[in-house]
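Okay, so here's the structure we're looking at.
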Amino acid sequence: MAHQTQSPSPSVSGKHCRIGILVNPRAARDVRRLVTGASSVPTSERIAICHRIVRGLAALDIGQILMMPDRDNIANKLLLAVERDTSLTAGKLPEITFLDMPVAGLAQDTLNAVQLMVDANVRAIVVLGGDGTHRLVAHVCGQIPLICISTGTNNAFPGTPEATVAGLAAGAVGRNLVELETVCHSSKRLCVRVNGQETIPALVDVCITTELQRGTRALWRPERLRQLFLTFAEPGQVGLSSIGSLLFPTSRDDDYGLAINIDPTAKQYRKLMAPIAPGLFESVAIKGHRRISINQRSVLTTSAGTLAYDGEREVNLFNGDQVEVTLDRQGPRTVDVAKTVQAIAHAEILIDNNTLQSDC
């Protein structure tokens, strides 16, 4: 039988292409601003980033952008900026439509917004936030490709692409102008069950701590960490994944993750200095570490404490609770912006051959 090749998906016209932009206005505003050297991203910069994304999308004639309304008025101010652009330039910019939803300034806003984007058949979602924001988006988005832009505190999962080019990449992916299998990456995740109940999976780390209350949620006290699970631990990051990167560097492409036992009360341990938050190096008591395979399940019986996902405490634990952690590769599809631009170049998508001129 002759080998049959799969034909590429047909392109989508720009005017029929919807792209979502999800901005977490609260990202990078936790207590680590006070106890570490972490900086914040002002509202004006978030608006400027979104404005550049819109211009990148406009280069491929994207017709509509869906956005979540927010209490910081990022979406409203972006709309005003785009309207000024439209009146001053001849180029047509995408229409910005606000999702019909209430906002309470809670994590549930993100889950609701992404579900509405999914229902509206957006072709890609550009996410502005940190690890926690991307975790929530990933829980709902399914196979919709994500273009990830760091605006949080610990940004191990999202990258730092220039927003204009990120918008261009989102447009190319949304219109099927590039092969998704070439430019998208399938992410690992950590699925967690507490006493048999499923929780929202983590994209970077899951940590069992001795903190008795969730409190301000953010983690920065290494003496209270006990069990740490990582999907990847790439050098150059801060946060809990930096601990793994200095023990056993693990990439997003590796078919395994990392489990680390931390215990300052143990008779024997090794001290590791790690940047567990921006500007904050702390000594971590490493009792041991091991690789964990894809689909490998780890079961632990815990003492009183809390369970943290992607750097934030979310679940209170009690003596005798059972926690199951499983690594898989069913996480979101993320877009490699550089590879997407390379594919755009090879396909000559932005080249108008009708404008060729002779020097004669």
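The values are calculated or read from the model by the stated rules, or taken from the named source; none is laboratory data. These numbers were taken from a predicted model, which means no experiment stands behind them. Here the Cβ is made from the backbone with ideal geometry for all residues, glycine too, and neighbour counts use every protein chain on show.
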Got a number for residues in the stretch 303-321 being among the charged types (D, E, K, R), surrounded by 20 or more Cβ atoms within 10 Å (Cβ to Cβ) and not in a strand (DSSP E or B)? 1
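Results for (1) among the acidic types (Asp, Glu); (2) within 19 Å of the chain's Cα centre (by Cα); (3) more than 21 Å from ARG189 (Cβ to Cβ), shown as yes or no for each residue.
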site	(1), (2), (3)
ILE208	no, no, no
ARG214	no, no, yes
PHE232	no, yes, no
SER251	no, yes, no
Looking at this structure, is ALA120 assigned by TED's automatic domain parsing to the domain that holds ASN24, of a type in the set (A, V, I, L, M, F, W, C) and loosely packed, with under 15 Cβ neighbours inside 10 Å? yes
Per-region count, the stretch 1-57, residues crowded, with 19+ Cβ neighbours inside 10 Å, among the polar types (S, T, N, Q) and at pLDDT 85 or above: 1
Going through the stretch 315-350 in order, the residues found to be more than 23 Å from the chain's Cα centre (by Cα), free of Cβ contacts under 8 Å to residues at least 40 places away in the same chain and in the same structural domain as VAL173 (by TED's automatic domain parsing) are ALA345, HIS346, GLU348
Tally up the residues in the stretch 241-263 that are surrounded by 24 or more Cβ atoms within 10 Å (Cβ to Cβ), under 18 Å from THR326 (Cα atoms) and of a type in the set (A, V, I, L, M, F, W, C), please. 2
When the stretch 58-87 is checked residue by residue, the ones that are modelled with pLDDT under 90 and either surrounded by 23 or more Cβ atoms within 10 Å (Cβ to Cβ) or among the polar types (S, T, N, Q) (or both) are THR86, SER87
Take the stretch 271-302 and flag every residue that is surrounded by fewer than 16 Cβ atoms within 10 Å (Cβ to Cβ) and at pLDDT below 95. GLY279, PHE281
Hey, among the residues in the stretch 190-249 that are among the acidic types (Asp, Glu) and in contact with a helix residue (DSSP H, G or I) (Cβ under 8 Å, 6 or more places away or on another chain), which one's farthest from ILE262 (Cα to Cα)? GLU234
Count - residues of the stretch 232-290 that are assigned to a loop (DSSP other than H, G, I, E, B), within 20 Å of ALA308 (Cα to Cα) and among the polar types (S, T, N, Q): 1
